[in-house]
Amino acid sequence: MKVSVKAAVRATAQALGIADGVEAFLDGEETEEGKKDTELLVKCFNRVENELALDYLPLLAEDEVLSSTGVVRYAELTYPAVRVFRVEDGDGTSLKYTLFPDRLETSSGTVKVVYSYTPNEKSVDEESDYQTAVSERLFLYGMAAEYCLAEGELEAAGIWDKKYKEAITAAYRLRPVKRIR
């Protein structure tokens, strides 16, 4: 189940004790403090989602691309690619490929590119790109740490960051593990 930005903002505002202004703003009241806090929490959501995707729990995508020359430009992919994991032909056979700063080169024809990506920035009415493994609680901890850091509350930021890192470790444990005997 995807985490909505609005739900994560509400939960984080509640945990930080700023829920009244944020709730009022989300319900349509134009309060300056509520607007400032809500906009900052949405920025924190985007930072946390981006950090998770780049450093901890990569978001994966698969795109099929038709290339008559074997050149696949990253701009042709649905999302901004970070790392290419594999390239396959139409039958699922792995193909050799070479990476360049703006493209990859492989065999010509229809190829499937499996890659990790950075998520696009979200607004308050959107949802996270994560399908599973990342809970609202994980976002709450990361967003609270980012919010406190932005507000100059370094001690509180450290406490929230510790909880955030522990939640990331727990999310890692939920991922399937391949073991070799």
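The values are calculated or read from the model by the stated rules, or taken from the named source; none is laboratory data. These numbers come from a predicted model, not from an experiment. Cβ atoms come from the backbone with ideal geometry, glycine included; neighbour counts cover every protein chain shown. Heads up: the accessible areas ignore ligands, DNA and RNA and are worked out on the full protein's heavy atoms, side chains in. Shrake-Rupley method; radii C 1.70, N 1.55, O 1.52, S 1.80 Å.
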Could you give the length gained by full extension between ALA7 and VAL82, i.e. 0.36 nm per residue of separation minus their alpha carbon distance, to one decimal place? 24.2 nm
Would you please name the trypsin sites (Lys or Arg not before Pro) within the stretch 52-118 that are DSSP coil residues with at most 14 other C-beta atoms within 10 Å of their C-beta? LYS96
Whole-Å distance linking the alpha carbon centroid of the stretch 147-163 with that of the stretch 30-89 is 25 Å
Amide H to amide H under 5 Å from GLU127: which residues, 5+ apart in sequence or cross-chain, H placed 1.01 Å off N in plane? VAL5
Sequence order, the stretch 72-86: Karplus ³J(HN,Hα) from phi using 6.51 cos²θ - 1.76 cosθ + 1.60, θ = phi - 60°, Hz rounded, Gly and Pro as x, gives 10, 7, 4, 5, 6, 6, 5, 10, x, 6, 10, 8, 8, 8, 6
Span per principal axis, largest first, for the Cα atoms of the stretch 26-121 (Å): 57, 24, 24
For the pairs LYS36/LYS162; LYS112/LYS163; LYS2/LYS112, note any where the Cα-Cα span goes beyond 27 Å. LYS112/LYS163
Return the long-range amide H neighbours of VAL71 (sequence gap of 5 or more, or a different chain), with a cut-off of under 5 Å between placed amide H atoms. THR106
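What full-extension length gain, to one decimal in nm, is calculated for LEU66 and GLU32 as 0.36 nm per residue of separation minus the Cα-Cα distance? Please list the in-between numbers first.
Details: separation 34, 0.36 × 34 = 12.24 nm, distance 5.02 nm.
This chain segment gains 7.2 nm when fully extended.
Under a 1.4 Å probe, what is the accessible area of the stretch 79-181 per residue, stated in Å²?
Values: 6610 Å² over 103 residues.
Computed with neighbouring chains in place, this is 64 Å² per residue.
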Any aspartates and glutamates whose Cα falls less than 13 Å from that of LYS35, other than same-chain ones fewer than 8 residues away, would be ASP20, GLU23, ASP27
Here are a few candidate values for semi-axes √(5λ) of the Cα gyration tensor in Å: (1) 23, 21, 14; (2) 38, 19, 13; (3) 31, 23, 15. Which one was actually calculated from the structure I just gave you? (2)
